[in-house]
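Enquirer: Below you will find the structure I want to go over with you.
The values are calculated or read from the model by the stated rules, or taken from the named source; none is laboratory data. All of these numbers come straight from a predicted model, not from anything done at the bench. A quick note on method: Cβ atoms are made from the backbone with ideal geometry, for glycine too, and the neighbour counts reach across all protein chains shown. Ligands, DNA and RNA are stripped out before the accessible areas are found, and what is left, the full protein with its side chains, is counted by its heavy atoms. Shrake-Rupley method; radii C 1.70, N 1.55, O 1.52, S 1.80 Å.
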Amino acid sequence: MWTSSARPGESVIKYQLLNGCPTLVFPILPGSPLIAWNTLTLETLDGYRTELDDSGNVKSDSKKILGVVDALYEYISLCIDWPRLSIPLISVSEKTEAKSDPEEEKRTRVREAIALVVEAAIRSGLPASIKAGASGKRISAKNAQTVKQLRLGFAVSNAVYILSLFLFRSGRSWTRLFYYSTTEVAAVVLWQQLEAMAKKGDDLAAAGLTAYMFDVLYVTWFVHVTTALLSTKFWWLYLSIPSYAIYRFGSLLVSWLTGGHHAA
């Protein structure tokens with residue numbers, strides 16, 4: 001990533017070293033570029049994991065990874081000072097397996113080394129920042145689906161209740177209208193809060209207060225539909241919301257007092 005430098009005519013480049021990824025050092029020709037890069041991203045490389053076998057090596061029929069290796073080798077080979085390049089033989093057995101042409105042996109070893117670097121880059125996985133970005137995208141997608149479900153829930157529950165006002169005269173009492181409008185305003189406030197959280201990128205599937213807000217909405221929708229179609233006695237079910245809140249607060253208070261007593 002290039003950034004501006006405080007000094008005129010200079011730039012700063014930030015780079016990231018991958019875990020378990022080896023470094024290749026070659027003698028290069030005069031005039032070779034000091035820095036070069038490939039447009040392939042780490043996120044794309046991570047998608048090539050299926051091109052590796054169980055041992056983590058490139059499959060022989062992997063066109064994607066071999067294509068990357070070929071492109072890198074073609075460029076790097078133009079920069080290497082081949083006469084100065086020396087590749088030692090590791091064992092006696094390799095001497096017998098070595099190619100008769102030393103120059104061809106050098107190029108084969110360099111290409112294998114580049115393939116090893118690509119394999120290591122794929123195995124190293126994505127950096128935490130990229131993983132966080134990918135996780136954020138997944139959360140945003142889930143939040144978008146949840147927001148759609150919330151809007152559908154409000155549309156259905158309100159449509160049922162308003163339709164019942166036209167069909168049943170008993171639902172037009174001031175008491176029932178007061179219950180409906182009060183609970184609906186509370187639900188809308190929570191709905192707007194949840195949508196604001198979704199826009200900020202917060203996970204709407206998180207436990208705790210967020211889950212309790214959804215519970216309030218679900219109870220509200222259920223009460224509105226059942227009181228509109230079945231019986232006004234379902235309004236009593238709405239008392240489960242403050243009852244649960246009191247229960248949770250009491251549990252936390254007891255836990256805090258108990259912990260403070262033990263600490264003392």
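Enquirer: Is one or more of the residues making up segment 231-239 basic (Lys, Arg) and at pLDDT below 80? Break it down stepwise before answering.
Expert: The initial filter retains those residues of segment 231-239 that are basic (Lys, Arg), namely 233.
Add one more test, that the residue is at pLDDT below 80, and what stays is none.
The answer is no, given that none of the residues of segment 231-239 is basic (Lys, Arg) and at pLDDT below 80.
Enquirer: Which of the residues that make up segment 169-183 are without any contact (Cβ under 8 Å) to a residue 40 or more places away in the chain and surrounded by 11 or more Cβ atoms within 10 Å (Cβ to Cβ)?
Expert: Within segment 169-183, Arg172, Ser173, Leu177, Thr182 meet the criteria.
Enquirer: Mind checking which pairs have a first residue in segment 36-65 that is at positive phi and hydrophobic (A, V, I, L, M, F, W, C) and a second that is at pLDDT 75 or above and open to solvent by less than 50 Å² (accessible area, probe 1.4 Å), Cβ under 7 Å, 6 or more apart or different chains?
Expert: Final answer for the pair search is none.
Enquirer: Looking at segment 113-138, which of its residues are open to solvent by 40 Å² or more (accessible area, probe 1.4 Å) and either among the hydrophobic types (A, V, I, L, M, F, W, C) or at pLDDT 90 or above (or both)?
Expert: Leu116, Ala128, Ile130, Ala132, listed by residue number.
Enquirer: Within the group Ile28, Ile65, Ile80, which residue is in contact with a strand residue (DSSP E or B) (Cβ under 7 Å, 6 or more places away or on another chain), open to solvent by 60 Å² or more (accessible area, probe 1.4 Å) and either modelled with pLDDT of 75 or more or over 16 Å from Val117 (Cα atoms) (or both)? Walk me through how you get there before you give the answer.
Expert: Working: Ile65 fails: open to solvent by 60 Å² or more (accessible area, probe 1.4 Å); Ile80 fails: open to solvent by 60 Å² or more (accessible area, probe 1.4 Å).
That would be Ile28, the only listed residue that is in contact with a strand residue (DSSP E or B) (Cβ under 7 Å, 6 or more places away or on another chain), open to solvent by 60 Å² or more (accessible area, probe 1.4 Å) and either modelled with pLDDT of 75 or more or over 16 Å from Val117 (Cα atoms) (or both).
Enquirer: Residue under question is Val147, and the condition is that it be at pLDDT 90 or above, over 27 Å from the mean Cα position of the chain (by Cα) and either over 22 Å from Ser240 (Cβ atoms) or among the hydrophobic types (A, V, I, L, M, F, W, C) (or both); does it hold? Walk me through how you get there before you give the answer.
Expert: On the way: at pLDDT 90 or above: yes; over 27 Å from the mean Cα position of the chain (by Cα): no; either over 22 Å from Ser240 (Cβ atoms) or among the hydrophobic types (A, V, I, L, M, F, W, C) (or both): yes.
Spelling it out, it is not the case that Val147 is at pLDDT 90 or above, over 27 Å from the mean Cα position of the chain (by Cα) and either over 22 Å from Ser240 (Cβ atoms) or among the hydrophobic types (A, V, I, L, M, F, W, C) (or both).
Enquirer: Can you name every residue in segment 230-259 that is of a type in the set (S, T, N, Q) and either without any contact (Cβ under 8 Å) to a residue 12 or more places away in the chain or touching an Asp or Glu at 6+ places or on another chain (Cβ under 7 Å) (or both)?
Expert: If we filter segment 230-259 for residues that are of a type in the set (S, T, N, Q), which is where we start, we get 231-232, 240, 243, 251, 255, 258.
Within segment 230-259, Ser231, Ser243, Ser251, Ser255, Thr258 meet the criteria.
Enquirer: If I filter segment 205-219 for residues that are touching a Gly at 6+ places or on another chain (Cβ under 9 Å) and either β-branched (Val, Ile, Thr) or closer than 22 Å to Lys137 by Cα (or both), do I get at least one hit?
Expert: Of the residues in segment 205-219, the ones touching a Gly at 6+ places or on another chain (Cβ under 9 Å) are 217-218.
Then drop every residue that is not either β-branched (Val, Ile, Thr) or closer than 22 Å to Lys137 by Cα (or both), which leaves none.
No: zero hits.
Enquirer: Criterion first (without any contact (Cβ under 8 Å) to a residue 40 or more places away in the chain and closer than 17 Å to Leu230 by Cβ) does Ala159 satisfy it?
Expert: yes
Enquirer: Name the residue that is farthest from Arg248 (Cα to Cα), counting only residues in segment 184-231 that are among the polar types (S, T, N, Q) and crowded, with 19+ Cβ neighbours inside 10 Å.
Expert: Of everything passing the filter in segment 184-231, Thr227 is farthest from Arg248 (Cα to Cα).
Enquirer: Same structure again: Is it fair to say Trp191 is within 26 Å of Lys137 (Cα to Cα), touching a residue at least 24 places away in the same chain (Cβ under 8 Å) and among the aromatic types (Phe, Trp, Tyr)? Spell out how you get there, then give the answer.
Expert: Values: within 26 Å of Lys137 (Cα to Cα): yes; touching a residue at least 24 places away in the same chain (Cβ under 8 Å): yes; among the aromatic types (Phe, Trp, Tyr): yes.
Yes, satisfied.
Enquirer: For the structure I just gave you, tell me whether Phe249 is over 28 Å from the mean Cα position of the chain (by Cα) and hydrophobic (A, V, I, L, M, F, W, C). Give the steps one after another, and end with the answer.
Expert: On the way: over 28 Å from the mean Cα position of the chain (by Cα): yes; hydrophobic (A, V, I, L, M, F, W, C): yes.
When the stated conditions are applied, Phe249 passes them.
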